[in-house]
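Enquirer: I'd like to ask you about the structure that follows.
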Amino acid sequence: MALVTLKQLVNDAFQGGYAVGSFNVVNMETLQGALQAAEENKSPIILAVAEVHMGLIDLEQYAPIILRAAERASVPVAVHLDHGQAFSSFVKALRWGFTSVMFDGSTLAYEENAAKTKEIVRLAHTVGASVEAELGHVTGGEGDPSPGVADPTLFTDPGEAQQFVQETGVDALAVAVGSVHGIYKGTPELDIPRLARIRDLAGVPLVLHGGSGLSDDDFRQAIANGIAKINVYTDMSQAAMAKIRTAQTLPANTDFGQFMLTVVETIKEAVAEKMRIFGSVGKAG
Ligand code: 13P
């Protein structure tokens, strides 16, 4: 089964009316929890390494472990660079064998974003990897603990999305339609009519960043209107931290390794819950 491209996973999901979860891997526990959830639920999965998380693990050492785990998995797995900006990150990720990369030019002017995305598409497609890009800007930073709100002035323009996909040749497009990275300030409100229009014009599977803190109904409507990949990190992180806080009441001679297995279990449950909502359970083929 094992290692596949992002394009294959999101095209299947787009056709099949479900979404594949993309979960940020920041250490062995997140890798194990996410993969176990996928295998137990027979769900495809995207294991994502965000450029901003690269300081948390030495990827020269861990990328081969992530890829080996993906190759050995009983379900299809894409290994993905999330929010890449530095050219060196793309070269390294592709050399390690990642099957997809995201170029994040979402804070750039349209022309510069399109030109740089095109360059990354040329590079990645040469070695058979897929490319996701972002048009419009999803606010909030990865790992930023301050609650955020979406900025409608930065939402994706449907006409531009059509032009961008045609110009760049991306395999998937991340859109700004009301989600934010991290914790939401207030209740999020997705602009579903805008999403539907983007879906009709762009013609590629769409990606929703900021998948933590949205309601089941938000996900249902997003998937019904073109979202085929949903990124999640904060909910996994918060579930793991809640579990870690319980360690204070454990006896001092508690074994660290044994305790971390319970953290893996908690992460697995958080990931499995998303897979059920996204409709990817049982879609491993
Ligand atoms: P959350 O941390 O809000 O789940 O977003 C994750 C994400 O979009 C990664 O790219």
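Read-outs throughout are calculated quantities, based only on the coordinates presented, and are distinct from any laboratory measurement. Note that the structure is a prediction, hence the values are computed from the model and not measured. Because the Cβ atoms are built from the backbone with ideal geometry, glycine has one as well, and the counts that use them run over all protein chains shown.
Enquirer: For a quick check: sort Leu201, Leu67, Leu47 by the number of other beta carbons within 10 angstrom, fewest at the front.
Expert: Numbers: Leu201 16, Leu67 19, Leu47 26.
Final ranking by Cβ density, sparse to dense: Leu201, Leu67, Leu47.
Enquirer: Using θ = phi - 60° and the Karplus relation 6.51 cos²θ - 1.76 cosθ + 1.60, list the HN-Hα couplings for the stretch 160-173 in order, rounded to whole Hz, with x at every Gly or Pro.
Expert: Computed from phi, the couplings for the stretch 160-173 are 5, 4, 4, 5, 4, 5, 5, 5, 9, x, 5, 8, 8, 10 Hz.
Enquirer: By count of other Cβ within 10 Å, fewest leading, how are Phe98, Phe155, Phe256 ordered? Could the numbers behind the result be given before it?
Expert: Values: Phe98 31, Phe155 20, Phe256 7.
Listed from fewest to most nearby Cβ atoms, that is Phe256, Phe155, Phe98.
Enquirer: If you put +1 on each Lys and Arg Cβ and -1 on each Asp and Glu Cβ, how big is the dipole of the chain around its Cα centre, in Debye rounded to 20? Could the numbers behind the result be given before it?
Expert: Details: 21 positive and 33 negative charges, 119 e Å.
Around 580 debye, computed over the chain.
Enquirer: Could you derive backbone 3J(HN,Hα) for the stretch 114-128 from the dihedral phi with the Karplus parameters 6.51, -1.76 and 1.60 (θ = phi - 60°), listing whole Hz in sequence and x where the residue is Gly or Pro?
Expert: Values, residue by residue: 5, 5, 6, 4, 4, 5, 5, 4, 4, 5, 5, 5, 4, 10, x Hz.
Enquirer: Residue separation times 0.36 nm, minus the C-alpha to C-alpha distance between Met54 and Asp144: what's the value? All intermediate terms of the calculation are to be shown ahead of the outcome.
Expert: On the way: separation 90, 0.36 × 90 = 32.40 nm, distance 1.52 nm.
Length gained, Met54 through Asp144: 30.9 nm.
Enquirer: Counting Lys +1, Arg +1, Asp -1, Glu -1, what net charge surrounds His125 among other residues with beta carbon under 12 Å of its beta carbon? Don't jump to the answer; show the numbers that get you there.
Expert: Working: positive: Lys7, Lys118, Arg122; negative: Glu119, Asp171.
Residues near His125 contribute +1 overall.
Enquirer: Can you give the relative contact order of the stretch 16-169 as a percent, counting alpha carbon pairs under 8 Å and 6+ residues apart? Intermediate results must be reported in sequence, preceding the final value.
Expert: Details: 206 pairs, mean separation 24.9, N = 154.
Here the relative contact order equals 16 percent.
Enquirer: Still on this structure: Could you tell me the distance between the Cα centroids of the stretch 121-176 and the stretch 1-64, to the nearest Å?
Expert: Between the Cα centre of the stretch 121-176 and that of the stretch 1-64, the gap is 18 Å.
Enquirer: Could you run the Karplus curve 6.51 cos²θ - 1.76 cosθ + 1.60 with θ = phi - 60° over the stretch 217-232 and give me ³J(HN,Hα) per residue in whole Hz, x for Gly and Pro?
Expert: Couplings: 5, 4, 5, 4, 5, 5, 5, 5, 10, x, 6, 10, 9, 10, 8, 9 Hz.
Enquirer: For helix 28-40, what angle does its Cα long axis make with the longest principal axis of the chain, in degrees from 0 to 90 and rounded to 10?
Expert: Taking Cα atoms only, the helix is inclined about 80 degrees.
Enquirer: Next up: Between Thr126 and Gln8, what length in nm is gained on full extension when 0.36 nm per residue of separation is reduced by their alpha carbon distance?
Expert: 40.8 nm
Enquirer: Which value in nm describes the separation of the simple spin-label points at Gln258 and Gln238, placed 7 Å from the Cα toward the beta carbon?
Expert: Modelled inter-label distance: 3.1 nm.
Enquirer: Same structure again: Given q = 0.11 Å⁻¹, what are the Debye log10 I(q)/I(0) values for the stretch 101-230, with equal point scatterers placed on the Cα positions and solvent ignored?
Expert: -0.35
Enquirer: Moving to a separate point now. In Å, the Kirkwood hydrodynamic radius of the chain over pairs of distinct alpha carbons? Write out the running numbers ahead of the final one.
Expert: Numbers: mean 1/r = 0.0534 Å⁻¹.
Evaluated over the chain, this radius sits at 18.7 Å.
Enquirer: Suppose we take every Cα in the stretch 1-67 and form the convex hull; what volume per residue is that in Å³? List each step's numbers first, then the result.
Expert: Values: hull volume 6.2 nm³, N = 67.
Spelled out: Cα convex hull of the stretch 1-67, divided by residues, is 92 Å³.
Enquirer: If you don't mind, there's one more thing I want to ask. Report, by chain and number, residues whose modeled amide H sits under 5 Å from the one on Ser130, excluding near sequence neighbours (fewer than 5 apart, same chain).
Expert: Those qualifying (amide H under 5 Å, at least 5 residues apart or on another chain) are Leu6, Lys7, Ser100, Val101.
Enquirer: Counting each DSSP H run of 4 or more residues in the chain as -39500 (n - 2.57), what helix-only mean residue ellipticity at 222 nm follows after dividing by all residues, to the nearest 500 deg cm²/dmol?
Expert: Numbers: 10 runs with 131 residues, N = 285.
It lands at -14500 deg cm²/dmol.
Enquirer: Please give every one of the lysines within straight-line cross-link reach of Lys229, meaning a C-alpha to C-alpha distance under 24 Å, and leave out same-chain neighbours fewer than 8 residues apart.
Expert: Of all the lysines, those that pass the test against Lys229 - Cα under 24 Å, at least 8 places apart if same chain - are Lys7, Lys42, Lys92, Lys116, Lys118, Lys185, Lys268, Lys274, Lys283.
Enquirer: Give me the angle, in degrees from 0 to 90, between the Cα long axis of helix 256-278 and the longest principal axis of the Cα atoms of the chain, rounded to the nearest 10.
Expert: 30
Enquirer: Run the quick spin-label model on Asp216 and Ala86: label points 7 Å from Cα toward the beta carbon, then report their separation in nm to one decimal.
Expert: Between Asp216 and Ala86, the label points sit 4.2 nm apart.
Enquirer: In whole percent, what relative contact order does the stretch 1-54 give with Cα contacts below 8 Å and a gap of six or more residues? Mind dumping the intermediate values first?
Expert: Values: 38 pairs, mean separation 19.3, N = 54.
After rounding, I find 36 percent.
Enquirer: In square nanometres, what is the average projected area of the Cα convex hull of the stretch 149-285?
Expert: Working: hull surface 42.7 nm².
Hull-based average projected area comes out at 10.7 nm².
Enquirer: Rounding to the nearest 10 and keeping the result within 0 to 90°, find how far the Cα-based axis of helix 234-245 lies from the longest principal axis of the chain.
Expert: 10
Enquirer: Separate question: Between Lys42 and Ala109, what length in nm is gained on full extension when 0.36 nm per residue of separation is reduced by their alpha carbon distance?
Expert: Numbers: separation 67, 0.36 × 67 = 24.12 nm, distance 4.07 nm.
Full extension of this stretch gives 20.0 nm more.
Enquirer: For Ala247, put the label point 7 Å out on the Cα→Cβ axis and report which residues of the stretch 41-63 keep their amide N under 15 Å from it.
Expert: none
Enquirer: Sort Met236, Met241 so that the residue with the fewest other Cβ atoms within 10 Å of its own Cβ comes first and the one with the most comes last. Write down the numbers at each step before the final one.
Expert: Details: Met236 26, Met241 11.
With the sparsest Cβ surroundings first, the list reads Met241, Met236.
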